[in-house]
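Here the structure is laid out as structure tokens; the discussion comes afterwards.
No lab work stands behind these numbers, since they all come straight from the coordinates. A quick note: this is a predicted structure, and the numbers were derived from the prediction, not measured. Note that we place each Cβ from the backbone using ideal geometry, even for glycine, and neighbour counts take in every protein chain shown.
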Protein chains: 2
Amino acid sequence: MECKAINISEKLSLFSDHWSPKVIARMNDYHLKLVKFQGDFVWHAHKETDEVFLVLEGEMTIHFRDKDVAVKKGELFVIPKGTEHKTSAKVECHAMLIEPEGTVNTGEIQDAKTAPVDSWL
Amino acid sequence: MECKAINISEKLSLFSDHWSPKVIARMNDYHLKLVKFQGDFVWHAHKETDEVFLVLEGEMTIHFRDKDVAVKKGELFVIPKGTEHKTSAKVECHAMLIEPEGTVNTGEIQDAKTAPVDSWL
């Protein structure tokens, strides 16, 4: 067992690339990940799982086919399993993701933004 | 699907009782909960699951039989499945918990601090 708590700000200081989630902790078969992003992501869905975004810095929009949801610092949103969505941020946004280990950021889409699923900080 | 993000500060303003986690979101079969506490909890373990504490305000200590871990605002800690632990806080602490729905706060211990598992805000 670790002897020290995981400091989120310290972990955020260790990377700067966008759209590439980094695992900071594992609970059961779930990963807690940090991600930084700006601009527009690709439309995709996660067939097998819900996905949590908790905004740590800045603000993001989660676009659905029928609506947009703004998620600001200190807010979270659960994207339901199987629901097509696209994330975007006008200025750089930092967020924590909670999702099962092995969840691919672009779902079943292969894209230039598709990132490794198991990149630990 | 909800149309609005969940604001953690707003949710925290809705309750003041201690040691009684409130569910604010569900992802798959997991609950995200908020809890406020001060003083000492009871020794217990969760046989079936890891448990995440993310400190939102203040500071807590997670006591294990062989060590103590301090968790400050902006830090998180994963308590491994089956590991006996006790939480405490010298001043009031606010934290987010991530754990499977149905997880009892005192594990298999029945205590005055045993709280309902499905109390939503």
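For B:Ala70, go 7 angstrom from Cα along the Cα-to-Cβ vector, then report the distances to that same point in the other copies in nm, smallest first.
3.8
Return the calculated 222 nm mean residue ellipticity for chain B, to the nearest 500 deg cm²/dmol, obtained by summing -39500 (n - 2.57) across DSSP H runs with n ≥ 4 and dividing by the residue count.
-1000 deg cm²/dmol
Below 14 Å, Cα to Cα, which aspartates and glutamates can A:Lys11 reach? Residues fewer than 8 away in the same chain don't count.
Output for A:Lys11: A:Glu57, B:Glu75.
What are the distances, in nm and sorted shortest first, from the label point of A:Lys47 to the label points of the same position in each other copy, with each label point placed 7 Å from Cα along the Cα-to-Cβ direction?
Counterpart label points of A:Lys47 in the remaining copies fall at 3.6 nm.
So if each residue of separation counts as 0.36 nm, and I subtract the Cα-Cα distance between B:Leu121 and B:Lys47, what length gain in nm does that give?
24.0 nm
Which value, in Å to one decimal place, does the Kirkwood hydrodynamic radius take for the protein assembly as shown when every pair of different Cα atoms is included?
After inverting the pairwise mean of 1/r, the radius is 18.3 Å.
Would you calculate the separation in nanometres between label points at B:Lys4 and A:Ala112, each defined as 7 Å from the Cα along the Cα-to-beta-carbon direction?
About 3.9 nm separates the two model spin labels.
Project the alpha carbons of chain A onto their principal axes and report the range along each, largest first, in whole Å.
46, 29, 25
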